Amino acid sequence: MPKHIFVTGGVVSSLGKGIASASIAKILEAKGLKVAIQKLDPYLNVDPGTMNPYQHGEVYVTDDGAETDLDLGHYERFTHSAYGRENNVTSGQIYYSVITKERHGDYLGGTVQVVPHITNAIKERIREVSRNKRYDIVISEVGGTAGDIESLPFLEATRQFRHEVGRENSLFIHLTLVPFIRAAGELKTKPTQHSVGTLREIGIQPDILICRTEKKLEQPVKEKIALFCNVEPEAVIEGRDAESIYEIPLMFKEQGIDKVICQKLKIEYKAGSLHEWRRNVVQKALRPKHSVKIAVVGKYIELQDAYKSIYESLKHGGIANDSEVVIKKINAEKIENTRSFDQFKGISGILVPGGFGDRGVEGKLKAIQYAREKKIPFFGICLGMQCAAIEFARNVVDMKGAHSTEFNKKTPYPVISLLEEQQNVKDMGGTMRLGAYPCQIKKETWAYKAYKVDEITERHRHRYEFNNEYRDKFQKAGMRLSGISPNGKLVEMIELEDHPWFLAVQFHPEFKSKPDKAHPLFREFVRHALLYQEKILPESMDALNVINSEKEKNFEQGQGEKHA
Ligand code: GLN
């Protein structure tokens, strides 16, 4: 039976419980323990797939096609485990299953209640994660903040869980905020005391506190928190704001969080090393040799979390190239009617991410045209690929008014359209093309140069597809269809022939990139942005010849070994 760690949060939301959970998993994995993480979300949506990015940030897609909370992205980036549907539990799913059973008559005339029926269903899901897999530790992150009405059933379920499995088999870690009050020049511990008090009221005494703070937590402050919150001083861990989120496992380990966990859960203590993580990820992220500026042109630019995995993947591409990636966020709507491209000054790469709905689409098309004509490295993802196809149709193949039928059902050139199987779909939740699908890669393409294999699998989340009727016209006009589904029916990757690096994909590579193993396409995109910046690539058609130069070949040999 695995040991269980429950991670809760208090005082305010957005303290980084997801990153804290992922960091703890990272530290425990480094000891050779097998760790799973799951997120328990208190909202009533069955999954975040139907939620607006303004509500929820990015929807993270797993291999098995689950649309999940973005914290699963942190879990996968920090650890070696692959996650799926069972790793994201929502109140919506729990209530849905209980009510379905009630309608079926499974409760045999009983009154169906939050306690015990909902809490039992939650406990069942907590156990489910390790049902057929052998894990040493299961970390369950409880969404929401202690004191919320919504998260109460989850907290009650975890309290009961601990009661059932015992103290040696379960542990509570509570994340709180220790604010610095400038006028008093002091860190304040009271919100933490209150938050722990709230947990105690419902029967949960946390074992470890992680205190988010912008200033150092000196020993006397730690001792004060320990005394009033009833934990040992060594169980008060400072969670200082970090320059890179990838530093956090190192920060926690330096303070001995793993010692406390092993001691409380009666696990034999093995030091475990984060040396490679420090050298290959943290040092590269904090002290890069180069710097390159990349524009992301999207419509949720003002939100930090809407393109979370894309921003992280760009950083990973930077780490692989020993470069900082400075991301310039450009609001697609704002460039729809502008004539000047001043915003793109100093930019060495342009990325258009995925999205839904027509707001900002014309701005994205404009940015793509600019990248194509000025021969700036371009990377299109999902809607970004669909827009690249539309732009190419309109401005290169001369198909005026070309569009996706998502935005204009009457377009004379529906270069992006719905497959037959999508045409009668009425329900919005979970009905897109979702999850991992294979794709075959043609040789002599940028895609092949990046992946160096004939077949890959990547994760999808979209309804619309490249319309096969236009394949020939596009190819004749200079667009390579570099990735196709094994049955030959779906165009998954496109790229331009006379461009130094213009590649667009129907899937979401950002869901499979890791800081210590950048996704090949992000690695290559950033590398070409660096080449563009160094002016190794002249802004002309000769670019292709330069790419085949000796320097390029040498570089690729090195990269090939590293990422094979
Ligand atoms: N809206 C497009 C579709 O449904 C693209 C989706 C996306 O970018 N994830 O096909």
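The values are calculated or read from the model by the stated rules, or taken from the named source; none is laboratory data. Note that the coordinates shown come from a computational prediction; the quantities given were computed from them, not determined experimentally. Cβ placement follows ideal geometry from the backbone for every residue including glycine, while neighbour counts extend to all protein chains displayed. Areas reflect the complete protein model, heavy atoms only, side chains present, ligands, DNA and RNA absent. Shrake-Rupley method; radii C 1.70, N 1.55, O 1.52, S 1.80 Å.
Here's the yes/no breakdown for (1) more than 24 Å from Gln369 (Cα to Cα); (2) basic (Lys, Arg); (3) free of Cβ contacts under 8 Å to residues at least 60 places away in the same chain:
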{"residue": "Ala271", "(1), (2), (3)": "yes, no, no"}
{"residue": "Arg278", "(1), (2), (3)": "yes, yes, yes"}
{"residue": "Glu312", "(1), (2), (3)": "yes, no, no"}
{"residue": "Lys328", "(1), (2), (3)": "no, yes, yes"}
{"residue": "Lys334", "(1), (2), (3)": "no, yes, yes"}
{"residue": "Ser340", "(1), (2), (3)": "no, no, yes"}
{"residue": "Ser348", "(1), (2), (3)": "no, no, no"}
{"residue": "Leu351", "(1), (2), (3)": "no, no, no"}
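The number of residues in the range 211-222 that are in a helix (DSSP H, G or I) and surrounded by 13 or more Cβ atoms within 10 Å (Cβ to Cβ) comes to 2. Pairs, please: C-beta under 7 Å, at least 6 apart or cross-chain, first residue within 11 Å of the ligand (Cβ to nearest atom) and in the range 423-438, second among the small types (Gly, Ala, Ser) and in a loop (DSSP other than H, G, I, E, B)? Taking only residues 6 or more apart or on different chains, the pairs are Leu434/Gly65. Here Gly488 meets each of (1) within 16 Å of the ligand (Cβ to nearest atom); (2) under 19 Å from Glu444 (Cα atoms); (3) surrounded by fewer than 23 Cβ atoms within 10 Å (Cβ to Cβ) with one exception, condition (1). A search for C-beta distances below 8 Å between a residue of the range 49-69 that is free of Cβ contacts under 8 Å to residues at least 40 places away in the same chain and any residue that is open to solvent by less than 10 Å² (accessible area, probe 1.4 Å) and of a type in the set (A, V, I, L, M, F, W, C), counting only pairs 6+ apart in sequence or on different chains, returns Thr68/Val61. Would you check if Ile494 is within 16 Å of the ligand (Cβ to nearest atom), aliphatic (A, V, I, L, M) and farther than 25 Å from Glu76 by Cα? Answer is yes for this residue.
Of all the numbered requirements in (1) within 15 Å of Val505 (Cβ to Cβ); (2) among the polar types (S, T, N, Q); (3) in a loop (DSSP other than H, G, I, E, B), Asn408 misses one, and that requirement is (1). Annotation: of all residues in the range 403-417 being out of contact with any Ser or Thr (no Cβ under 6 Å at 6 or more places or on another chain) and open to solvent by less than 90 Å² (accessible area, probe 1.4 Å), the one that is nearest to His462 (Cα to Cα) is Glu406.
Each residue in the range 470-482 was checked for being open to solvent by less than 30 Å² (accessible area, probe 1.4 Å) and either within 15 Å of the ligand (Cβ to nearest atom) or in contact with an Asp or Glu (Cβ under 6 Å, 6 or more places away or on another chain) (or both), and 2 of them qualify. What pairs come up if the first residue lies in the range 201-214 and is in contact (Cβ under 8 Å) with a residue 60 or more places away in the chain, the second is open to solvent by 40 Å² or more (accessible area, probe 1.4 Å), and their beta carbons are under 7 Å apart, counting only those six or more places apart or on different chains? If the second residue must be open to solvent by 40 Å² or more (accessible area, probe 1.4 Å), the pairs left are Ile204/Arg159; Arg212/Leu177.
Scanning the range 366-383 for residues that are more than 12 Å from the ligand (Cβ to nearest atom) and open to solvent by less than 10 Å² (accessible area, probe 1.4 Å) turns up Ala367, Ile368, Ala371, Ile376, Pro377, Phe378, Phe379. For the range 384-422, taking the residues that are of a type in the set (Asp, Glu) and within 28 Å of Gly349 (Cβ to Cβ), the one that is farthest from the ligand (Cβ to nearest atom) is identified as Asp398. Scanning the range 442-469 for residues that are open to solvent by less than 20 Å² (accessible area, probe 1.4 Å) and away from the ligand (no atom under 15 Å from the Cβ) yields Thr445, Trp446, Ala447, Ala450, Ile456.
The residues of the range 137-153 that are under 22 Å from the mean Cα position of the chain (by Cα), of a type in the set (Ser, Thr, Tyr) and part of a loop (DSSP other than H, G, I, E, B) amount to a single one, Thr145. Number of residues in the range 234-244 that are touching a helix residue (DSSP H, G or I) at 6+ places or on another chain (Cβ under 8 Å) and open to solvent by 50 Å² or more (accessible area, probe 1.4 Å) equals 3. Filtering the range 466-520 to residues that are part of a helix (DSSP H, G or I) and either touching a Phe, Trp or Tyr at 6+ places or on another chain (Cβ under 7 Å) or polar (S, T, N, Q) (or both) leaves Asn468, Phe474, Gln475, Pro509, Phe511, Pro520. Exactly one residue among Lys259, Lys270 is at pLDDT 95 or above, among the basic types (Lys, Arg) and touching a helix residue (DSSP H, G or I) at 6+ places or on another chain (Cβ under 9 Å), and that residue is Lys259. In the range 458-472, the residues that are under 30 Å from Pro48 (Cα atoms) and aromatic (Phe, Trp, Tyr) reach residues that are in a helix (DSSP H, G or I) and more than 16 Å from the ligand (Cβ to nearest atom) with C-beta atoms within less than 9 angstrom, at least six apart or across chains, in these pairs: Phe466/Phe474.
Looking across the range 41-89, just one residue is farther than 18 Å from Lys308 by Cβ and buried (at least 23 other Cβ atoms within 10 Å of the Cβ), and that is Val89. Close contacts from the range 118-131, counting a first residue that is closer than 15 Å to Asn88 by Cβ and a second that is part of a helix (DSSP H, G or I) and of a type in the set (Asp, Glu), with Cβ to Cβ under 6 Å and a gap of 6+ residues or different chains, come to Glu128/Glu86; Val129/Glu86. How about the range 133-170: which of its residues are buried (at least 20 other Cβ atoms within 10 Å of the Cβ) and more than 14 Å from Ile202 (Cβ to Cβ)? Passing the criteria: Ile137, Val138, Ile139, Ser140, Glu141, Gly143, Ser170.
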